[in-house]
Structures are given as structure tokens and as C-alpha cells.
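Some notes on the structure that comes next.
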Amino acid sequence: MKEVDLVIRGARVVSPEQIIDASVAIAGEHIVAVGHDDTMPPAREEMRADGLYLLPGAIDSHVHFRDPGYAHKETWRTGSAAAAMGGVTTVFEMPNTHPATGTVEALRLKQKAAEASYCDFGLHGLLGDDTVDRLEELLDAGVTSFKAFVGNTFGNLPAPTDGALLEGFETLAPLGIRTVVHAENSSILFRRQQKLKDAGRIDALAHLAARPAVAEIEAIGRVLTLAEWTGARVHIAHHSAADSLFLLREAKRRGVDVTAETCPQYLLLNTDHMLKLGGIMRLNPPIREARHNLPLWEALMDGTLDMIATDHAPHAPEEKTRESIWDCDCGFPGVETQMPLMLTEVNRGRASLMDYVRWSAVAPAKAWGLYGTKGVIAPGAHADIAIVDMERAGVLSQNRLQSISKISPWNGRPVKGYPLHTLLRGRFVMREGRLVNEAVGWGRSVKPVQKMPAARPRNTEHYSSAILQTPAGVPRTAVPQGEVDWSQA
Ligand code: NCD
Ligand code: ZN
């Protein structure tokens, strides 16, 4: 048998269906064998992993690495180091940088910044009124997917009009490309926020008051209507409210290709924490009342919500701790803490490790066209593996985060279950709990391995691209030609 690079022995390999005792052989960037210890080929390096679990590296559909434009908040080097330390091997990065990822020139700047990445990545391009005519160009230049900020966002990108969103979906439906949507109704938010400001409220709960769940319900409903009409694939970002889950359930039942994420903060935090932590917890959509937590868990369990993402949204500590809630930037880091937080819940019996792998790796791999190459520990797949110790306990500390943004609502939270080593395409990017500095730049775009299955575009006869020419046989003007015979009309 040919010698391979690494054999990991004695571990438990996790998939959504089962946990098996197995060894794993890795040659170059790929897994070449998963099976009984005796069947493993000779290896340059052997590693014992007794008592540890091998999880497909987590795929985080929603991170903000801020470069270009806001490198004082995060860079690709620091953000992707956080990913590596958190067992995350692939991220999808958001376009609200400066410049926003809505032109090929801006995309080139981001691709350059991403050369320092410790993890593989997809890049969401911006879908807005100004970019909707360039989507194919952006895809050709390397974006994997799109993001529409149908609400307000850091960077003050204007929400796309419904008309532009519809056109974008018409362009993307036949291509099978999925669009992430930040689903909040911007006019509700802006009006309420102004009212609250005028009334003099500056407390943390005013942020929630400005963004009632109905803003999420309305926006999700609207986006699903457009997606269903066109056949476009959509992905609902950071689902936060119990009240909007019914829309996902019904749309999925009707066959709409919608996927949805929620984040640890919506599952585990609520207004009780907001009262203590104030502006640190300001993010969009807001963290809501405790009554939302349990229904979101149930929705993950029954598949209404597909996956866990983090919305890793780093800001500088001074940008998060201002007196008025309206002056605190929205978002906080999360890509490094997701796995220990969720493994802690697995240890508490809230879900199984198989459930977790479905949410953290398998569902996102499928949503973005990577499954088979990523999201699974099997021969032929990339050797992207988080090696996890479910017994290891500790306390999350914001000062130890790789992120520049050393301010986190998870600071001081006890956890049990940590990634110990992270492998990306056969190479350790984190080993024994330490970042492997030399692996900087090992990460690369997933675009070359992305395969979106063919979609089913619908109502194509009404697509904006199909209506620009007067159809054959129809008079060129609206003025009746000659005398109209009403008995024939
Ligand atoms: C995000 C950011 O800071 O870029 N903030 C947030 O509160 N979630 C933007 C976003 O995801 O909408
Ligand atoms: Zn975000």
C-alpha cells in the first residue's frame, strides 16, 4: 500500500447518520480511507485520537472579516485565525466592506486581502439596486453567492428595492445561485428608531423596541414570495424570531428552495442578558425575549432551520461601549466560540453530536454546493476536520480570542467540549489548541469546487429579461389599428 501523509487512529467519526469507531487516512489534501485500524495504509505521521471525535470542519455561512475598509475591526488574518481556532474550516464572507463587494474592482481587493486566510472561503457579492446588472460579471470574477441587505446594515448600504430584488432573483434562478437575505423591513426599523430617539430613549432595550418581530416576518414573507415566483434559491440569514418560523415551514412544504440559519446568540441569549450587557449585545436582528429561544431550538431539530452560522461581526471595544445604544455598533465576534458553545449544549443533552454536524457542516455544504468535497469525512473529500474533546471544560475569555474585537457577550461563560485540532485540506491550522502560524495563507476560495445543482426557474415568461421586446404578432403601438370590430373582440 502506498504511504500516506497522516493516519488518525482510534477516533469516533461523526456524520448526521451515525458515529463510528474508525481511523482516517489522509494523503495530500484529501481523505483517502475511513475504516478499521487494520486497513489503514502506512503513513508518514500517525496520530492517536482515542476518546476524541472527528467532525467535518464547520462551515460558517455568515462572517464579516471587514477587510477592505475596516481593518481596525478585523482582518482576514485575524478573522480566519479565529475560525481555525474554533474548528471552522470554511467561511462565507459578507460584502459590507468598504468598498462593498459589488464591483469587480472591489472583489479584487477582497480576494487580495483573503490571501492571508487560514480557512477556505466563499465570498458573497452584493445584490443591490446598483449591482443587479452586474451579477453574472461578479460570478465570473469569483463570487460564490450573493447577499441582499433587506434591512439596514453596518456600512449603511441601502436596502435593495423590491424591483431590484426581483430582477436579481430572475438572473440568479436559472444559474442555481443562492442569495443570502438579511430579512428585516427597513422602513419599519427606521421609523421606529427615529421615534424612540425623539422620545429620548438610549437604553439597550430600545434597540429591540425599534425592531419588532413583525419586521422580520414581513421581510421573510416578501423575500419568499419573490423566491417562489422566480424559482431562485434563497438563504435567510440570522433567523431570530419564533413568529416567522411558520413562513419557512410553509414555504419548504411548497417546495421553495429556502435554507435558513440561526446563531448561538439567538438560541442562548435573550433580553435578560441584554439588561446586564447593554450595547455589547446590540446586533441585528436584535436578541429577543426568552420566549424565542426554545422555538428556535425546535426549528433546528425539525429541519425548519437548517444550520448554525455565527454572523461574526467584530467591532472595536470602544465602538461597542458608548453611552447611547444608538451609538454602539451592531454585532460581535462569534466564529471562534460557536463550536464550544454548541458542544456544551450537546453535552447538556439538548441535541446529539450528529445533529450538530448536520447544522454546522452538512447543511451549509449542501446549501453552497460544496457537499461531497466538504461537509463530510469520507474518501475523496477534502481533509477538513475538527478534532474535538467533548470532556474538556473551560471558560470562554474574550482576551484570548484571535479576533481584534476583544469584546464578547460570551466572556466568562463556562463551556464543555472544545476543538483541539483543526485540519484544513490535510494541513493542521490549529494543533493542540494553538494556531499554526505558518498555515497563514493556506486558505483559498471554494469557487473552483463549488457545484450548485441545477435549479428550477419559474415564471420565466415574466422575467424582466424576457419582456423587453414586443412579441411577434402584437401591434407595435397601443393605438388600435384601423376600425375595431367589437363583435370579434
Ligand atoms: C453586521 C455587521 O456588523 O456587519 N451587524 C449585525 O448586527 N449583524 C451586519 C449584518 O449582519 O447585518
Ligand atoms: Zn452579518
- Message: Here is a check on your reading of the model: is residue 228 assigned to a helix (DSSP H, G or I), at negative phi and crowded, with 24+ Cβ neighbours inside 10 Å?
- Response: no
- Task: Report yes if residue 148 is modelled with pLDDT of 95 or more and away from ligand 1 (no atom under 12 Å from the Cβ), otherwise no.
- Result: no
- Task: Please verify whether the range 59-66 includes one or more residues that are part of a strand (DSSP E or B), at pLDDT 95 or above, away from ligand 1 (no atom under 16 Å from the Cβ) and more than 21 Å from residue 337 (Cβ to Cβ).
- Result: no
- Does residue 341 meet the test of being of a type outside the set (Val, Ile, Thr), more than 16 Å from ligand 2 (Cβ to nearest atom), part of a loop (DSSP other than H, G, I, E, B) and open to solvent by less than 10 Å² (accessible area, probe 1.4 Å)? no
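Return the only residue of 87, 125 being at pLDDT 95 or above, within 16 Å of ligand 2 (Cβ to nearest atom) and open to solvent by less than 10 Å² (accessible area, probe 1.4 Å).
125
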- Message: All but one of (1) farther than 22 Å from residue 92 by Cα; (2) open to solvent by 30 Å² or more (accessible area, probe 1.4 Å); (3) within 14 Å of ligand 1 (Cβ to nearest atom) hold for residue 159; state the number of the condition that does not hold.
- Response: (1)
- Could you give me the residue pairs with C-beta distances under 7 Å whose first residue belongs to the range 47-68 and is within 16 Å of residue 417 (Cβ to Cβ), whose second residue is assigned to a strand (DSSP E or B) and within 16 Å of ligand 2 (Cβ to nearest atom) wherever it lies, and which are 6+ apart or on separate chains? 57/88; 58/88
- Message: So in the range 308-323, with the set limited to residues that are surrounded by 21 or more Cβ atoms within 10 Å (Cβ to Cβ) and outside any helix (DSSP H, G or I), which one is farthest from ligand 2 (Cβ to nearest atom)?
- Response: 308
- Message: Could you check the range 153-212 and list, in sequence order, the residues that are within 16 Å of ligand 2 (Cβ to nearest atom), part of a helix (DSSP H, G or I) and either among the aromatic types (Phe, Trp, Tyr) or without any contact (Cβ under 8 Å) to a residue 60 or more places away in the chain (or both)?
- Response: 186, 189
- Among 300, 283, 305, 247, which is buried (at least 21 other Cβ atoms within 10 Å of the Cβ), more than 29 Å from residue 67 (Cα to Cα) and touching a Gly at 6+ places or on another chain (Cβ under 6 Å)? 247
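The values are calculated or read from the model by the stated rules, or taken from the named source; none is laboratory data. Please read all numbers here as calculations on a predicted model, not as lab measurements. When we count neighbours, we look across all protein chains shown, and the Cβ atoms used for this are built from the backbone with ideal geometry, even at glycine. Only protein heavy atoms, including side chains, enter the accessible area calculation; ligands, DNA and RNA are left aside. Shrake-Rupley method; radii C 1.70, N 1.55, O 1.52, S 1.80 Å.
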